[in-house]
Each structure stands twice: as structure tokens, then as C-alpha cells.
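One structure below.
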Amino acid sequence: MKKTTIFADKNLTIGKVRPTLYGSFIEHIGRAVYEGIYEPDHPTADGDGFRGDVIGLIKELNVPIVRYPGGNFVSGYDWRDGIGPKDKRPVRLDLAWHSTETNEFGTDEFMKWCKKAGITPMMAVNMGTGSVKDAAELVEYCNHAGGTSISDLRRANGAEEPYNVKYWCIGNEMDGPWQTGHLTADEYGKKALEAAKVMRWTNGETEKDAPNGRLKLIVTGSSTHAMMTFPEWDRVVLEHTYPRIDYLSMHRYYEYSEETDNPLEDFLGAADDMNEYINTLRATIEYVRAKVRSKKQVHISFDEWNIWRQSAERTEPLWKRAPHLMEDVYTFRDMLVFAGLMNTLINNCDIVHVACLAQLVNVIAPIMTEKGGGTFRQTTFYPFKYLSNTARGVTVRTFTDSDRFQTMYGGARSINEAVNFDPETGSLVVSLCNYSQEKREVALELRSFGELKAEEYLEMTSGDLDAVNGFGAEQVKPIERELPAVKDGSHVSLVLPPMSWSYLRFRA
Ligand code: AHR
């Protein structure tokens, strides 16, 4: 049996893991909002129409921040359509998803829902059909205490206190020709700079801190590294905006495809490929930082990532309200790649301060719902749940002698790992993907953590890479394994089944 040794030393850390690394995303698309988080007739719905069963599952996932209302949707959305008395709200064509948007759910409902679900809102403004003025006025609606017509509108709509929204995405995927109001990097960079400036002014920000706290502004980076404009788009946008913004956004979806030369290997190479993508943008940020002579550090908001079968055909008619769109059912194979993507985000926590799993409910999501009925946890629910709840504190740098396999992206590690240590609780968490089709021995050399005691050992493995979960059938889930012995306080020897994800938790 091949052996891989992984070294981790408590004193060699990558950085602090911010809770915002475990964020997610709710867009007005398909059944994410309607029949997802909002279904007034559902047996578990509260007085505001929010599904209680879904909030329960989101709490189980421990999602701290949610991006809203899009996605592609935001680039044609007028936020004013979604406020005020519901019977007066206009019904509109949503050109991003060719659906009908009733606007029954809007900014105020989202803020209420966030409060109930214990979530920090992350808003996106429209840079497609929307203007700098529209963006600034949404900041005013959300964050200005009162005494102006726009902030008093919020008060009249039932929210006396300002929402004090901190995180703002300035547009979405503006590099993509599929985006309503798509721009060139230069056009977007100039518009984003003005939006950032005026949004900050509206928030009362001068050179000193604003009364409600400074905004965290995110400019739109490349939609994927497959764009011909990558990474030039990112450089140009950053050169326009660097001193006024806080984050550069990144998006990336991976898909299992039978069309490539080595479908399985190419899919399993996603985690290491995502690492390369982050490294390129890390370098781009550093380049611009030097060029504009800034001491400030811009970080990454990886605000859309997941597995998505983008090649699947649409089966729903155009202009339906809440159509079944992008309701991918995730396989065991998808879960394996998903866990590796999480490892990559964790291992880049020094630069990736925010990440949003796209999306949260029904649309390429870990949680699925039935109208008027139940829910189920997808295969991908589990790595997210365990890592989001416990892979906190700091990420510890690992050294590994793992062998590599060839993929269309280049070489990828057979054993893919992430190690987190929380100095406050003494909790040490190890996440391991075995991407080889053989059993593998793994030796963990966990130095300088002191005497370690194993507390939890979970494993996801399956003889069927296509196995999925469904309503009333959550068979793909972690099983508990017997706790491993810890030799001399820090040496742990494991045998990982072929194609598996393992999760270990120790106490120092
Ligand atoms: O998450 C689905 C879509 O993917 C988003 O609307 C868009 O930003 C991306 O292309």
C-alpha cells in the first residue's frame, strides 16, 4: 500500500480562518427564494413566510454570511421593485434566467430572513442596467438612519433601524457577455470606482471611520480562469479601483464531463487547479499593489464556487415563476471534489477572506426542498457542515510527500489535505481526500500541538461514484470510524479507503 506522510507544525501557520470563509449565496433564480427559503403556505413557514425546516438546515451548515440577490439576476434588477406593499410590487421579466419575477421577496424580506437565520447579509448592486446613483441609494435605504426620503421609505416599510449592511458586491461577472449590461474591464473599472466612492460617501465615510462602520467593497474579478480576458480583466479593474475597495471577487464552477480525455482524473484535479487560480490572482493583486504604490492589502472574495453541470439542458418553459432550474443532484464523486475545493479555500485563508458556496437552496445547492413537502441533504452538505463548524482558528501549513496524478490542468495530489487548529479551544481538524483508486496509508505527523487525543473520525466512502441522496433517502453520508491511536502524542497512522473523504478531530 502506498504511504503518504503529512507534517504539520503548530508554529507554522498560513493564517486566520475568518467565519466568512463559510458563506453562501441566495439568488433570485429558479426555486432558491420561492419554494426554497420563502414559501408562505408551507407547514413550517413562520408569519413572514420563511420555511423553518430550511432555516434549521442552514443553521446545521453554520453559514455565517449570505450574498444576495444575484448573480446574473442583479444586473437587470431594480431594488425599488422589491420594497413596499407586496400587492403594489411590479411583476417583471427576469432576463438573466428567462423567468417571471413577482418581487414578493425583496431587500426588507431578505434582511428579516437574515436576522432570523443568524446570517450577515452581503448585498450586490446592479452595475449592468443600474447606475452609480441606484447603488448609492440602496446603501442609503439600508444604512442611513432616517430623515431623508429614501431612508424614511425603509422606516415606513417597517424597519425603523438601519440594517448597517457592511459587505457590498459592486456588480456581478461584468466580464461575461452573458451579463445584462456587460462591460469591458476599462468601462467596468471606471464605473466601479465611481460606485465605490459614492457608496462610501452615502455611508458617511470620509477619511475617518463611518458612524455605521466602513463598508467592505468587492469588485468583480474574472468569472472563471477560462475567460480569454483573465487575468488582464483583474489587473485593469484593480488598477482603477485599488485604493477604494477591499476585495477582488473570484468565481469558479467545476463539472464532471465525459467529454475530456480522462474524465475522472480531470474532475479530481479541480482542487489543485483552484489553488493555481487563486495563486494567479494573488500575484495579480500584488502586482497592482506595487504599481499603485499602496500599503493596503486587497483580499479575495471567492463569492461563487461549487460543482455545476452547466451542460445540462433547460427543461422548464420560459417565463415561469420559480421554475425548476439548475437543481443538480450531487453524486458521491461530486462530494469528493467538493471536499477538495473546501481544502483549497482553507489552505488559502490568508488571501481568501470571504467565500460563498453558490448556492444554498435548490439551485446547485446542498439543501433541496419540495413544494409543500420535505427537504434533503445533498452529498456535499456533509463536508461543508463539518468543516464550517470546526475548521476554524488558523490553517496550519502542511508538508506532504503525496504522489501526483495527471489531469488536464497538470499534476494533482492523490492525497489532498487541510489542517486547522483553534488555539482557543485546542481543537485540531484534519480533512483528507483520497483521490486514488487504491487504499492509501497516511501518516500524520502533528508536531508541537502537545498531547493529542482523537475525538471524532468520520469517513465518506462508496462503491458507487454515482450514488446520490434524495427525499427520504440520505444514504450518502459520513460513517463513524473507530478513533485512531495517537502514538507519542502526535503520530497518527490511518488507512484511507479508495476514493474517500475523511474528517478527524483531535483535542490538544
Ligand atoms: O450561480 C449561478 C450563476 O453563476 C450566477 O448567477 C452567476 O453569477 C454565475 O455565472
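Bear in mind these aren't lab numbers, they're just calculated from the coordinates by the rules spelled out. Worth saying up front: this structure is predicted, and the values here are computed from it rather than measured. Cβ placement follows ideal geometry from the backbone for every residue including glycine, while neighbour counts extend to all protein chains displayed.
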I'd like the GluC sites (Glu not before Pro) in the range 180-288 restricted to DSSP loop residues with at most 15 other Cβ atoms within 10 Å, sorted by number. GLU207, GLU258, GLU259
Diffing the range 119-135: the Karplus 3J(HN,Hα) column from phi (6.51, -1.76, 1.60, θ = phi - 60°), in whole Hz with x for Gly and Pro, holds 10, 8, x, 10, 8, 10, 9, 7, 10, x, 8, x, 9, 4, 5, 4, 5
For q values of 0.07, 0.10 Å⁻¹, compute log₁₀ I(q)/I(0) with the Debye formula on a Cα-only model of the range 18-390, without solvent. -0.28, -0.59
How many nm is it between the label spots at ASP422 and ARG507, if each spot is 7 Å from the Cα in line with the beta carbon? 1.3 nm
In degrees rounded to 10, the 0-90 angle between helix 270-291 Cα long axis and the longest Cα principal axis of the chain is 60 degrees
Within the chain, helix-based [θ] at 222 nm, where runs of 4 or more DSSP H residues each add -39,500 (n - 2.57), nearest 500: -7500 deg cm²/dmol
Cut-off 14 Å between beta-carbons: net charge of the residues surrounding ILE119, Lys and Arg +1, Asp and Glu -1: +4
For the range 237-280, list residues with backbone N below 13 Å from a point placed 7 Å from the Cα of GLN437 toward its Cβ? 262-266
Can you sort HIS299, HIS182, HIS240 so the residue with the fewest Cβ neighbours within 10 Å comes first? HIS182, HIS299, HIS240
By how many degrees, 0 to 90 and rounded to 10, does the Cα axis of helix 185-202 deviate from the longest principal axis of the chain? 70 degrees
Helix 107-117 vs. the chain, principal-axis angle (Cα, 0 to 90°, nearest 10): 30 degrees
Neighbour-count ranking for HIS28, HIS353 (other C-beta within 10 angstrom, fewest to most) reads HIS353, HIS28
Calculate, in nm to one decimal, what PHE471 and LYS3 gain on full extension: separation in residues at 0.36 nm each, minus their alpha carbon distance. 164.6 nm
With charges set only on the Cβ (+1 for Lys and Arg, -1 for Asp and Glu), what does the dipole of the chain come to about its Cα centre, in debye to the nearest 20? 1500 debye
Along its three principal axes, how long is the range 158-291 when you only count alpha carbons? Whole Å, largest extent first please. 56, 42, 27
Please give me, ordered by residue number, the GluC sites (Glu not before Pro) of the range 403-472 that lie in loop per DSSP and have at most 16 other Cβ atoms within 10 Å. GLU424, GLU438, GLU451
What order, most packed first, do the peptides 12-21, 387-396 have when packing is the mean number of other Cβ atoms within 10 Å of each residue? 387-396, 12-21
Only counting other Cβ atoms within 10 Å, I'd like VAL442, VAL354, VAL198 sorted with the fewest neighbours first. VAL198, VAL442, VAL354
Under 8 Å for C-alpha pairs, at least 6 residues apart: give me the relative contact order for the range 1-93, rounded to a whole percent. 28 percent
Chain lengthening between ASP186 and ASP81 when straightened (0.36 nm per residue, less Cα-Cα): 34.8 nm
With the contact rule set at Cα under 8 Å and sequence spacing of 6 or more, what percent relative contact order holds for the chain? 20 percent
From the phi angles alone, apply the Karplus equation (6.51, -1.76, 1.60; θ = phi - 60°) to the range 436-443 and give each ³J(HN,Hα) in whole Hz, x where the residue is Gly or Pro. 9, 8, 10, 5, 10, 8, 10, 9
Given a Förster distance of 41 Å, report the FRET efficiency between ASP401 and ALA117 from their Cβ-Cβ distance, rounded to the nearest 0.05. 0.45
Efficiency by 1/(1 + (r/R0)^6): what FRET value for ASP152 and ALA454, r their Cβ-Cβ distance, R0 = 60 Å, to the nearest 0.05? 0.55
Using DSSP to call loops (not H, G, I, E or B), can you name the trypsin sites (Lys or Arg not before Pro) in the range 152-248 whose Cβ has at most 15 other Cβ atoms within 10 angstrom? LYS208, ARG214
